[in-house]
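Inspection log for the structure reproduced underneath, given as structure tokens.
The values are calculated or read from the model by the stated rules, or taken from the named source; none is laboratory data. What you see is a predicted model; the values in this text were computed from it and never measured. Glycine gets a Cβ as well: all are built from the backbone with ideal geometry, and neighbour counts include every protein chain shown. The accessibility values were calculated without ligands, DNA or RNA, using every heavy atom of the protein model including side chains. Shrake-Rupley method; radii C 1.70, N 1.55, O 1.52, S 1.80 Å.
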Amino acid sequence: MLHYRDCRRVGPCLSALVCRAWLAIGLLGFFVIGGAIAQAAESTPPPTVPFSPPVVRLNLSEAMALFLRQNLDLLIAKYGIESSKGQQITARLFPNPVAQLGNVASFTQGNTLSKTGALTMQVQQLFELAGKRGYRIESAGFGVQSAEADFEDAVRQLGFTIKDAYYRVLVAQRRLSLAEENRDRFARILDVNTIRFKKGYIAEVDLIRIRLQVVDFQAQVIEAIQEGESARADLRQLLRLSPASRLELTTEMDYRRVDPDMGRLRSVALDVRPDIKSRRAALLQREADLKLAKAFRVPDVTIGAGYAVQGSRGPDNQQMGILNLGVPLPLFNRNQGGIVQAEVGVQSAQAELDRTVNQVENQVDVAYQNLLQSRRLVEAYLAGVLEDARSTFTIVERAYERGGATILDLLDAARTSRTIQQNFIEALFSYQRNLFQLESSVGQEITS
């Protein structure tokens, strides 16, 4: 009985101990599993956000403004202006004075430096005569004007380049739209004729021809995409944009008739073209250099003043003032070679100016004639040829669906329509490019 009672007393204790052990194991497992879940959650990378390239929307005016701010070629051209201004600063400066310090003494018959020595201090200044400094300033001023005109000419030439690159992107977009339209149209024709072939209404060779035409239009789509990417890359490079940026051009390639006055264009070009301004400034600079070269025939004067201190046994007074005048004697060198070189420089600058004027007049005339011819071609397309090609394709397509035309008639109409529309795009781009070329030749924008 005692043993039984002991067992009864031990039983509840053992059960409680077992329960506590299972409870501890459960809690430990909970913490272990929870920590593992938390660690797995921490180690799991966050969901990746797809990268979207920055979109740059530009019309033609905004592209030109961005080009003027960021193009590296323009920045390099602008450094030429700063360099010329540095030369202008140098031309205004006076020659630096020269300080001299001298010593003389006798060391024979018991003399020493302290007894017979003489210490001289002197300052010399060169004075330029015959207006040399003024001629240098004049020449440097014309040099700055020439550099500024060269920068404007770089803006003119590169401005045509940026406009041409901008419109090449627009042309590629128009070509892509045309190719996609033709591909989708023939894809629908292929779907319809596939059903007709299965029902035995058309021959297999006709289905193959349609399929080949779809492939041809798809190849044109790919080619237009490649041309567009290449044109965008050129435009991004000119605008100094990242290759990751996506360009969206908002200016439309529409026809705008321009009928300029040729006589006025020629006179305006001779007045405002920056390359002519640069040649004129260069000629004036060479003339100033010639006047400077002739002024070098007159020698400059050097004036010096100083003070001398001698020892107690010196031959002269112990303290003396010094004044001297130095003038080169122009016996042999009277800058004969420099004058000849300057005269040749004037003649060369005049020839450069005459050649540039002749080039400008011919460039304006050629650009004007090209604009007239391209304008006639665009207006001929807009007069009805373009619409006729589209309607002819539609008429033949409907006739083919009713059995009134063959597959060869349909393909011929499709190729003719595509060729006419592509030629219109090329003519419109050529007209716009000739307009930009005329504006570049004149040196200013043409509005009418």
Pairs with Cβ under 7 Å, 6+ apart, first in region 69-98 and under 20 Å from residue 285 (Cα atoms), second part of a helix (DSSP H, G or I) and acidic (Asp, Glu): 77/150; 80/150; 81/148
Subset of region 119-140 (residues that are within 15 Å of residue 87 (Cβ to Cβ) and either part of a loop (DSSP other than H, G, I, E, B) or β-branched (Val, Ile, Thr) (or both)): 137
Qualifying residue in region 113-133 (condition: surrounded by 20 or more Cβ atoms within 10 Å (Cβ to Cβ) and either under 30 Å from residue 215 (Cα atoms) or under 47 Å from the mean Cα position of the chain (by Cα) (or both)): no
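Take residue 309 and tell me if it is of a type outside the set (S, T, N, Q) and outside any helix (DSSP H, G or I). Can you show your working first?
Numbers: of a type outside the set (S, T, N, Q): yes; outside any helix (DSSP H, G or I): yes.
Answer is yes for this residue.
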Single residue of 144, 155 found to be in a helix (DSSP H, G or I), open to solvent by less than 20 Å² (accessible area, probe 1.4 Å) and β-branched (Val, Ile, Thr): 144
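Determine whether residue 186 is open to solvent by 20 Å² or more (accessible area, probe 1.4 Å) and not charged (D, E, K, R).
When the stated conditions are applied, residue 186 does not pass them.
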Unique residue being open to solvent by 40 Å² or more (accessible area, probe 1.4 Å) and part of a helix (DSSP H, G or I) when the list is 227, 248: 227
Residue check, residue 209 at pLDDT below 90, in contact with a Leu (Cβ under 7 Å, 6 or more places away or on another chain) and either under 30 Å from residue 146 (Cβ atoms) or of a type in the set (Lys, Arg) (or both): yes
Unique match (being open to solvent by less than 70 Å² (accessible area, probe 1.4 Å), in contact with a Pro (Cβ under 7 Å, 6 or more places away or on another chain) and more than 18 Å from residue 179 (Cα to Cα)) among 236, 232, 196: 236
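Residue-wise test of (1) at pLDDT below 90; (2) in a helix (DSSP H, G or I); (3) among the hydroxyl-bearing types (Ser, Thr, Tyr).
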site	(1), (2), (3)
191	yes, yes, no
200	yes, no, no
205	yes, yes, no
218	no, yes, no
234	no, yes, no
254	yes, no, no
268	no, yes, no
277	no, yes, no
From 263, 306, residue being within 35 Å of the chain's Cα centre (by Cα) and either open to solvent by less than 20 Å² (accessible area, probe 1.4 Å) or not aliphatic (A, V, I, L, M) (or both): 263
Residue pairs meeting the criteria (Cβ under 8 Å; at least 6 apart or on separate chains; first at negative phi, in region 202-222; second among the small types (Gly, Ala, Ser) and assigned to a helix (DSSP H, G or I)): 213/414; 214/187; 217/179; 220/179; 221/179
Number of positions in region 318-375 that are under 19 Å from residue 266 (Cα atoms) and basic (Lys, Arg): 1
Residue 161 being among the hydroxyl-bearing types (Ser, Thr, Tyr), part of a helix (DSSP H, G or I), over 30 Å from residue 88 (Cα atoms) and open to solvent by less than 50 Å² (accessible area, probe 1.4 Å): no
Conditions (1) open to solvent by 60 Å² or more (accessible area, probe 1.4 Å); (2) within 21 Å of residue 261 (Cβ to Cβ); (3) β-branched (Val, Ile, Thr); number of the one not met by residue 360: (1)
Contacts under 8 angstrom Cβ, first residue in region 259-287 being over 22 Å from residue 347 (Cβ atoms), partner of a type in the set (Ser, Thr, Tyr) and open to solvent by 70 Å² or more (accessible area, probe 1.4 Å), 6 or more apart: 259/448; 260/448
Single match in 386, 382 (criterion: in contact (Cβ under 8 Å) with a residue 60 or more places away in the chain, in a helix (DSSP H, G or I) and closer than 30 Å to residue 405 by Cα): 382
Selected residue (only one of 445, 426 is closer than 19 Å to residue 167 by Cβ, part of a loop (DSSP other than H, G, I, E, B) and open to solvent by 20 Å² or more (accessible area, probe 1.4 Å)): 445
